[in-house]
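Peer 1: Provided herewith is a single structure, encoded as structure tokens, for subsequent inquiry.
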Amino acid sequence: MSSEWCSDQDVYQLIMVDEQQYALPVDNIIRIAALENVLPLPETPAWLPGVVHIRNAIVPVINLNQLLNVSPKTRQNPYPLVVLLQHSLNVNRWLALCVNEFTELLHKEDAAEMATTSPDHPCFKAVVNHLMQKIYLPDIDALFEQLTKGPD
Amino acid sequence: MNPSLFSAATAAFHEETLEALRAIESWVLISSQDFVAGKNQQQETRRQLHSLKGTATSFGYEPISQICHAIEGVLQADSQLAPQQSDAILTALDYCRQLSSDELTPAQSVERLTSCLAKLNQYRQTGIEPVIPPQVSGSVWQIEFTPHQQFFENGHDPLRILRALREFGPIKVAVFTEKLPDFADFDPFQCYLRWQITLKAELDYNALAAQFEWVKHVCDLNIEVLASSQPERLARSSRYKLSETHINALLTISQNLQSQLQQTVPLINQLEPTDNIRLSRRYQAMKRQQQLLQQQLLHITMRPLADAFARLPRMAFDVAQKTQKLVQLHMHISPIELDSLIIHSLMDPLTHLLRNAVVHGIETPEQRQLAGKASKGQIHISAEQVDEQLLIRFSDDGRGLAEQQILTKAKQLGINTGDIVNNRQLNEWIFQSGFSTASAVDDLSGRGVGLDVVKQHITDLGGNIELVSTRGKGCCFTFYIPIQQSLVDSQIVQIDHQKLVLPLLNILDSYPLESNRQIWQRGKQWFITDDNRQVPLVNLRKFLQLAPDNNDINSAFIILLNTENTLFAVLVDSLAEQAQLLIKSLQPHYRHINGIKGVALLPEGHLALLLDPSKLLEYFHTLGGH
């Protein structure tokens with residue numbers, strides 16, 4: 001992972017969405033919960049399956065695969081969990097990501113040695129090759145921006 | 001009576017008293033402005049006064065009873081209340097409120113009661129007996145007894161009086177000798193002493209005063225009740241303070257409980273039938289308890305929107321009286337409940353704007369007449385939920401902002417100004433903290449002063465303010481405040497398997513669709529016939545991007561909605577229950593969606609969209625019908 005990736009974060013949590021891996025900055029993760037009672041909304045893009053009620057708030061759920069428009073192998077029992085992310089430490093804005101499973105933690109020093117390429121999507125910061133697999137790093141700020149702008 | 005029952009009854013009495021006082025106060029404020037409206041409610045006010053008079057006596061609050069009787073005396077005639085009469089009644093109601101809240105000492109209470117009754121008796125209708133200040137009774141008395149120097153001349157003896165007082169109960173006597181002269185000047189036939197006597201005895205004022213009857217012309221006497229002999233009022237239930245953090249933590253726990261209960265359902269379904277039935281019953285019972293817990297927590301955190309405006313009518317009356325202006329206040333407040341934080345944060349800004357409007361905005365009757373206006377100034381306040389925002393409009397028909405002085409002040413503060421002030425600049429300058437200095441009050445005639453504080457309150461809520469001022473015609477402030485959650489009386493409906501929520505406030509009627517012929521098409525527009533009216537029909541399926549309906553339309557229901565005086569209908573598969581639901585905003589975590597007022601938390605823990613009827617109608621017009 002290049003220094004550009006992890007300049008302000010020390011540890012990343014790797015998650016699986018279907019068979020695709022993503023790295024989330026641990027500091028932004030505030031809760032892991034069961035994904036249940038998703039309410040679909042009208043006029044929303046395919047990458048937003050709906051909203052859930054977590055921590056006494058209505059939180060949008062994002063499917064990163066749909067957002068990135070990748071089609072990895074789909075699991076039989078998709079997305080039992082969501083991970084709740086906070087915009088920044090001082091702002092009370094949350095979003096949730098569909099997740100199949102949590103795999104491992106990635107530390108800054110390990111990440112720094114990995115080969116990085118630039119993704120062609122504004123909501124992702126970088127892609128790294130790790131153990132022959134591509135790992136996408138979402139740009140948390142860009143994800144939040146995506147949620148508050150008008151319909152696609 | 002069982003003490004806990006008595007305590008509960010007393011608490012209920014206090015609550016009902018405060019409610020009755022509020023209702024009577026509201027009537028006084030209405031009838032002092034609008035005789036016809038006041039007259040219509042006078043009967044109800046008399047009933048409340050009479051009822052309060054009776055219950056106050058039963059609970060040992062005789063003074064409240066006497067005040068009610070005196071007010072009844074003022075209300076005998078069918079004429080409009082004069083401002084002085086209204087003032088006397090309002091002052092007396094304030095006294096009753098303080099008395100009911102146990103805010104007064106016995107001595108203060110007697111003093112206030114006497115003054116209130118004197119004021120009310122002044123305005124009583126002829127033929128009505130005045131209310132005489134009460135026979136005060138007490139259990140501990142303090143008597144200041146200061147004989148005049150010639151006290152002994154007629155053979156009076158202070159000791160005889162002290163001994164007589166001791167007959168009533170134990171006494172403590174303090175003698176004060178500061179007036180004793182030097183020995184050379186001492187005259188044994190003169191009285192130089194004074195006494196302070198504390199007497200512990202259950203008796204009334206007259207019985208005590210009678211002991212001084214023969215000497216009252218040769219002494220100064222002051223008798224005060226230190227402790228009332230009224231039955232000891234039981235302490236009202238303790239008031240616990242819950243912080244926002246604690247409430248949020250409890251709400252999260254309740255929500256987690258709900259989630260965990262839901263996760264047990266698949267496990268229960270795997271059990272043998274006997275165990276399944278037994279555990280299902282337990283599950284249902286636990287779920288009911290969880291729902292009750294959630295409801296109770298919500299009622300702690302939410303308050304009616306009207307609470308934020310409750311004190312304004314009285315304040316308008318008081319400030320108008322003090323400034324000798326005529327003001328009529330019109331309020332239209334939506335019947336919703338919002339987060340207590342919003343209600344609490346609105347109180348100060350609203351109070352500030354109202355005081356400013358009456359003191360500085362509305363002109364005196366003479367000035368208004370000269371300006372060609374009606375002598376009574378008008379203030380309009382409205383508050384309603386629009387989309388996911390609370391919209392408050394506060395307008396007056398006064399003189400508007402003092403533009404020239406504001407321009408001068410802006411220049412003094414070093415703001416780069418032009419020579420003409422427009423509304424955009426006013427919005428920029430008037431809310432700056434530099435405008436709210438004490439000296440600015442005179443310079444700007446008070447308009448615009450302290451508005452930085454108003455803005456701060458609204459900004460803290462994530463909202464913003466707009467101001468439009470027209471010289472000689474008045475000001476209009478508009479607050480836009482995001483609503484994170486509210487309680488809304490709702491109708492739950494179903495389309496396919498999706499539950500939806502409509503505000504009960506907008507529903508005029510609902511009934512089963514009788515036949516397909518009830519629905520018809522003209523051009524692209526669909527209509528229903530209702531009571532010989534052609535009512536536009538909004539297609540909710542299309543709005544919600546649902547597949548076209550393949551169900552039997554004859555089992556559907558029509559819901560008639562009314563918004564902004566326009567009638568329209570929607571078709572749903574079925575009607576579920578009506579309930580007061582917690583509505584959460586999509587913002588700030590997601591953007592606003594047109595036609596969606598928020599997300600409702602259904603009693604079983606699922607979510608449903610709360611539709612915004614006014615936006616549905618807009619949507620219908622945009623699409624040109626279907």
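Peer 1: Roughly how many whole Å is it from the C-alpha centroid of the stretch B:88-104 to that of the stretch B:345-366?
Peer 2: The two parts, judged by their Cα centres, are 25 Å apart.
Peer 1: How much mean residue ellipticity at 222 nm does chain B get from its helices, if each DSSP H run of length 4 or more adds -39500 (n - 2.57) and you divide by all residues, to the nearest 500 deg cm²/dmol?
Peer 2: On the way: 18 runs with 258 residues, N = 626.
About -13500 deg cm²/dmol.
Peer 1: Pull out the extension gain between B:ALA285 and B:ALA556, defined as 0.36 nm times the separation in residues minus the alpha carbon to alpha carbon distance; nm, one decimal. Walk me through the intermediate numbers first.
Peer 2: Working: separation 271, 0.36 × 271 = 97.56 nm, distance 3.30 nm.
Stretched out fully, the B:ALA285 to B:ALA556 stretch lengthens by 94.3 nm.
Peer 1: Which whole-number percent gives the relative contact order of the stretch B:3-122, counting Cα pairs below 8 Å spaced six or more residues apart? Please list the in-between numbers first.
Peer 2: Values: 101 pairs, mean separation 34.1, N = 120.
Relative contact order for the stretch B:3-122 comes out at 28 percent.
Peer 1: What length, rounded to one decimal in nm, is gained on full extension from B:SER51 through to B:ALA249, with 0.36 nm per residue of separation minus their alpha-carbon distance? Please list the in-between numbers first.
Peer 2: On the way: separation 198, 0.36 × 198 = 71.28 nm, distance 4.30 nm.
67.0 nm is the gain from fully extending B:SER51 to B:ALA249.
Peer 1: FRET efficiency for B:LEU203 and B:THR105, Cβ-Cβ distance as r, R0 = 22 Å, nearest 0.05?
Peer 2: The pair B:LEU203/B:THR105 has a calculated efficiency of 0.70.
Peer 1: For B:LYS584, list the lysines whose Cα falls under 29 Å from its own Cα; do not include residues on the same chain fewer than 8 positions away.
Peer 2: A:LYS149, B:LYS241, B:LYS287, B:LYS455, B:LYS499, B:LYS542, B:LYS597, B:LYS615
Peer 1: For B:THR55, B:THR478, what ranking results if the residue with the fewest other Cβ atoms within 10 Å of its Cβ goes first?
Peer 2: On the way: B:THR55 18, B:THR478 15.
Final ranking by Cβ density, sparse to dense: B:THR478, B:THR55.
Peer 1: Turning to a different aspect of this structure: Run the helix sum for chain A: -39,500 (n - 2.57) per DSSP H stretch of 4+ residues, divided by residue count, reported at 222 nm to the nearest 500 deg cm²/dmol. Could the numbers behind the result be given before it?
Peer 2: Values: 3 runs with 18 residues, N = 152.
Mean residue ellipticity, 222 nm, calculated: -2500 deg cm²/dmol.
Peer 1: Pairs of Cα atoms under 8 Å, at least six residues apart: use those to get the relative contact order of the stretch A:11-148, whole percent. Spell out each step's value before the answer.
Peer 2: Values: 272 pairs, mean separation 38.1, N = 138.
Answer for the stretch A:11-148 is 28 percent.
Peer 1: Okay, next question. Quick one: order B:ILE430, B:ILE143, B:ILE343 by neighbouring beta-carbon count within 10 Å, fewest to most.
Peer 2: B:ILE343, B:ILE143, B:ILE430
Peer 1: Round to a whole angstrom and tell me the spacing of the C-alpha centers of the stretch A:60-97 and the stretch B:587-605.
Peer 2: First find each Cα centre; the distance between them is then 19 Å.
Peer 1: Let me ask something else. Just want to confirm a number: the relative contact order over the stretch B:137-228, from Cα pairs under 8 angstrom separated by 6+ residues, in percent.
Peer 2: 57 percent.
Peer 1: Right, another one. Within straight cross-link reach of B:LYS411, meaning Cα distance under 14 Å, which aspartates and glutamates are found once same-chain residues fewer than 8 apart are removed?
Peer 2: B:GLU403, B:ASP419, B:GLU428, B:ASP443
Peer 1: Let me ask another. From the Cα gyration tensor of the stretch B:486-623, with a ≥ b ≥ c the square roots of its eigenvalues, which class applies: rounded if a/c is under 1.5, or else prolate if a/b is larger than b/c, or else oblate? Walk me through the numbers on the way to the answer.
Peer 2: On the way: a/c = 1.68, a/b = 1.50, b/c = 1.12.
It comes out prolate by the Cα gyration axes.
Peer 1: Which helices, taking whole DSSP H runs in chain B, have alpha carbons extending 18 angstrom or more along the helix axis plus mean Kyte-Doolittle at least -1.0?
Peer 2: Values: long enough: B:3-33 (45 Å, 0.38); B:35-58 (34 Å, -1.14); B:62-74 (19 Å, 0.42); B:83-100 (25 Å, -0.29); B:106-122 (24 Å, -0.27); B:244-269 (38 Å, -0.06); B:273-301 (42 Å, -1.03); B:340-356 (25 Å, 0.48).
Sorted by number, the helices that extend far enough and score high enough are B:3-33, B:62-74, B:83-100, B:106-122, B:244-269, B:340-356.
Peer 1: Straight-line reach from B:LYS53: which lysines fall under 30 Å, measuring Cα to Cα and dropping same-chain residues less than 8 apart?
Peer 2: B:LYS39, B:LYS119
Peer 1: At what distance in angstrom do the alpha carbon centres of the stretch B:368-383 and the stretch B:282-311 lie from each other?
Peer 2: First find each Cα centre; the distance between them is then 41 Å.
Peer 1: Separate question: With a/c under 1.5 counting as rounded, go ahead and sort the stretch B:567-626 into rounded, prolate or oblate using the C-alpha gyration tensor (a ≥ b ≥ c being the square roots of the eigenvalues; past the cut-off, prolate if a/b is larger than b/c, else oblate). Walk me through the numbers on the way to the answer.
Peer 2: Working: a/c = 2.72, a/b = 1.29, b/c = 2.11.
Because a/c hits 1.5 or more and a/b fails to exceed b/c, the stretch B:567-626 counts as oblate.
Peer 1: Shifting gears a bit: Starting with the fewest neighbours, write out B:LYS39, B:LYS597 ranked by other beta-carbon atoms found within 10 Å of each beta-carbon.
Peer 2: On the way: B:LYS39 14, B:LYS597 27.
Final ranking by Cβ density, sparse to dense: B:LYS39, B:LYS597.
Read-outs throughout are calculated quantities, based only on the coordinates presented, and are distinct from any laboratory measurement. Here the structure is a predicted model, which means the values were calculated and not measured. Cβ atoms come from the backbone with ideal geometry, glycine included; neighbour counts cover every protein chain shown.
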